[in-house]
1. Compute the length gained on full extension between Ile138 and Gln50: take 0.36 nm times their separation in residues and subtract their Cα-Cα distance, giving the result in nm to one decimal.
2. Could you check the spin-label model distance between Ile32 and Gln91? Points 7 Å from the Cα along Cα→Cβ, value in nm.
3. Arranged by the count of other C-beta atoms within 10 angstrom, fewest first, what order do Ser178, Ser115 take?
4. Which links in Lys74/Lys150; Lys34/Lys74; Lys34/Lys144 stretch past 21 Å when you go from one Cα to the other?
5. How many nm is it between the label spots at Asp98 and Leu166, if each spot is 7 Å from the Cα in line with the beta carbon?
6. Can you compute the FRET efficiency between Thr25 and Val152 using 1/(1 + (r/R0)^6), with r the Cβ-Cβ distance and R0 = 30 Å? Round to the nearest 0.05.
7. At 7 Å along the Cα-to-beta-carbon direction for both Glu70 and Asp176, put a label point, then send me their distance in nm to one decimal.
8. Taking neighbour counts of Cβ atoms within 10 Å as a proxy for exposure, in what order, fewest first, do Thr129, Thr82 appear?
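Each value in this text was obtained by applying a stated rule to the coordinates, not by laboratory testing. Values in this document were obtained by computation on a predicted structure and should not be read as measured data. In this analysis, Cβ positions are derived from the backbone assuming ideal geometry, glycine residues included, and neighbour counts consider all displayed protein chains.
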Amino acid sequence: MKKCTMLLAGALVLISGATAAVADTPHNQVEINKTAILRLVQAHNRQDAQAAAACFAPAGTNHGREAGPEGMEKIYRNLYATFPNYHWEIQTLFGEDDWVALHVIQTGTHQGKPSLPVFGGLIHNVEPTGKSVSVPNIHLYQMKDGLIVKHVAVRDDLGMMQQIGLLPQVSHAAGDLSRPAR
């Protein structure tokens, strides 16, 4: 009986050691990072600025500027005030090492005026148009300990400006070949 108990105890030590080793694998860390970004997307889709901002590390940067959770919460409040039905539909999500890449279609209806120069400052002081937008975004996130330490994005702000009526639409019969057909 004692020998069986010692074997069982030894097996449990091996299993718990193996479990700890699996938890620390790079693949598992990528999955943890992707899950954190999924939480960010869910917060955006609820227009929950506090929950979205909580995904950032204290010294996290946004487009090269230190923002942290406090700064990101202000930015997100402005996004949601401008587009109260702000929504991201995930097209692609993948990760490698400490990076996560996200391709989304951002939708919303222009119903407010941001007090900060969000969206590149292009709609700052622009009266709400009531028009809906649907534009692609690509976001890159560098992660550490499950939090965003660096965020950069490429957005179709030109398409957004065209859709809310602030810039002319493409007049060529073929449309804009750089964007998905509508």
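1. Difference between extended and current length: 29.5 nm.
2. Inter-label distance under the simple model: 3.1 nm.
3. Neighbour counts put them in this order, fewest first: Ser178, Ser115.
4. Lys34/Lys74
5. 3.5 nm
6. So the FRET efficiency works out to roughly 0.65.
7. In this crude label model, Glu70 to Asp176 measures out at 3.7 nm.
8. Ranking Thr129, Thr82 by Cβ neighbours within 10 Å, fewest first, gives Thr129, Thr82.
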